[in-house]
1. Computed over the Cα atoms of region 22-83, what is the ratio Rg over Rh, Rh following Kirkwood?
2. Tell me the Kirkwood radius of the chain: reciprocal of the mean inverse pair distance over distinct alpha-carbon atoms, in Å.
3. Using the Kyte-Doolittle scale, find the helices of the chain whose mean hydropathy is at least -0.5 and whose Cα atoms extend 20 Å or more along the helix's long axis, counting only whole DSSP H runs.
4. Between Met153, Met48, Met138, where does the largest GNM mean-square fluctuation fall for the chain, given springs only between Cα atoms within less than 10 Å?
5. Would you tally the net charge around Lys185, using a Cβ to Cβ cut-off of less than 14 Å, leaving Lys185 out, and scoring K and R as +1, D and E as -1?
6. If you find the alpha carbon centre of region 135-213 and of region 83-126, how far apart are they in angstrom?
7. Taking springs between alpha-carbon atoms closer than 10 angstrom, which of Gly136, Gly12, Gly154 fluctuates most in the Gaussian network model of the chain?
8. For the chain, compute the number of Lys pairs whose alpha carbons are separated by less than 17 Å, excluding pairs fewer than 8 positions apart on the same chain.
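Bear in mind these aren't lab numbers, they're just calculated from the coordinates by the rules spelled out. This is a predicted model, so every value here is computed, not measured. Virtual Cβ from ideal backbone geometry, glycine too; neighbours counted across all protein chains shown.
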Amino acid sequence: MLSVANLNASYGAARILYDLSLEVGRGEVVSLMGRNGAGKTTTMKAIMGLIARAGTVHFDGSDISRLKPFEIARLGLGFTPEDRRIFSDLTVLENLDIGRQPLRTFRDGTAAPHWNETKLLSLFPNLGEMPDRPGGQMSGGEQQMLTIARTLMGNPLLILLDEPSEGVAPLIVEQIADTIIELKKEGVSVLLSEQNVHFAQLVSDRAYVLEKGQIQWSGTMAELANNAGVQRSYLTM
Ligand code: ATP
């Protein structure tokens, strides 16, 4: 679904990503792991075209390397940023409405999962209890769920989820994990940025481990679980 080859990105003169390559297959959940500052958010922004980048990015068979962010989003690549950009004066339902986009099909013609308010409010029971609450009156974890739900209103084929468990209460972390597992069942692919090995192991098929903007290791979650050296060197335990 997503194929990134030799991605390089800089902020001004500061080079951040070095020849980064990764793949996410259809229906796969893949974690991009690494400590603070490793380059996870930068990778996601570079894939979405939000920052200047070099290298190639293919999505569902299309070359998106030179497309603008809104063109990439229109092809069905969803992005949930770490900093929860909900509209604080709008209610849960109004926030969801803003994310609404047309139904999509994969390149091979099969229908992509279709989301609506009813389905999403049952997927996120906490949101289902507060459909009319303004976003600004919700906890950080609830805002995180709303951000993910709003991205799903765009019926994405693949979603980039930037550190969804960061700073969120344990009960909500569990619900977010359940959601990712449900997305996989529905056929949505996920590239998840994550520091927490436990959370990544709950939901992912494979992982790439990043440090200083370079992939240092990649493998299955079972291989990562058995590799204490990689965990110690590059990850938060
Ligand atoms: P975190 O978990 O803290 O978000 P991360 O792995 O997502 O970490 P990035 O946010 O991608 O890491 O940051 C990678 C590097 O880029 C860091 O050294 C960071 O200081 C630098 N950086 C991030 N944003 C900018 C910016 N707007 N301007 C300059 N440097 C930046």
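1. Value, to two decimals: 0.94.
2. 17.9
3. Those that clear 20 Å and a mean of -0.5 are 170-186.
4. Met138
5. -2
6. Measuring centre to centre over Cα atoms gives 14 Å.
7. Top of the fluctuation ranking is Gly12.
8. 5
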